[in-house]
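For reference, the structure discussed in these notes is given below.
The values are calculated or read from the model by the stated rules, or taken from the named source; none is laboratory data. Predicted model only: the values in this text are computed from it and were never measured. Note that we place each Cβ from the backbone using ideal geometry, even for glycine, and neighbour counts take in every protein chain shown.
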Amino acid sequence: MISVSFRSELDDRKLQKLIDTVHPELKKIVRRNLFRVEAEAKKRSPVDTGRNRAAIHTELDTMGIGGQVNTGTDYAHFLELGTRNMPARPYMVPALLSVKPRFHDEIEELFTSVD
């Protein structure tokens, strides 16, 4: 059996200040970057009828610090990954990878700016 535990000696006031400071800005960063991924995915999506591109959308979680970029078509994964008879035409993963460095930099900047 493996057990892991940790203990923190944080002052409750400092913790609340950190949450009050970071949470609103973190929500903005997450939202902004999710919509960047959506925009990139729409640019990169293979187009025949345009249905897949039009179905790409962002869903934010209720706390605002997470979310997903999805497509509502039942064939999106075939476009992304390919099939035995069709080569892959990735668009979602490349969109994510193109936004990732900027997202990482914004998160790093946020947390280094907090005392």
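Data overview
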quantity	calculated
Enumeration of residues in segment 71-97 that are assigned to a helix (DSSP H, G or I) and of a type in the set (Val, Ile, Thr)	93
Some residue of segment 4-18 being among the hydroxyl-bearing types (Ser, Thr, Tyr), at pLDDT 95 or above and in contact with a helix residue (DSSP H, G or I) (Cβ under 9 Å, 6 or more places away or on another chain)	no
Enumeration of residues in segment 42-51 that are closer than 10 Å to residue 90 by Cβ and assigned to a helix (DSSP H, G or I)	44
Filter result for residue 54 (out of contact with any helix residue (DSSP H, G or I) (no Cβ under 6 Å at 6 or more places or on another chain) and either not hydroxyl-bearing (Ser, Thr, Tyr) or not in a helix (DSSP H, G or I) (or both))	yes
Search result, residues across segment 45-60 that are surrounded by fewer than 18 Cβ atoms within 10 Å (Cβ to Cβ) and on the phi < 0 side of the Ramachandran plot	46, 47, 48, 49, 51, 54, 55, 57, 58, 59, 60
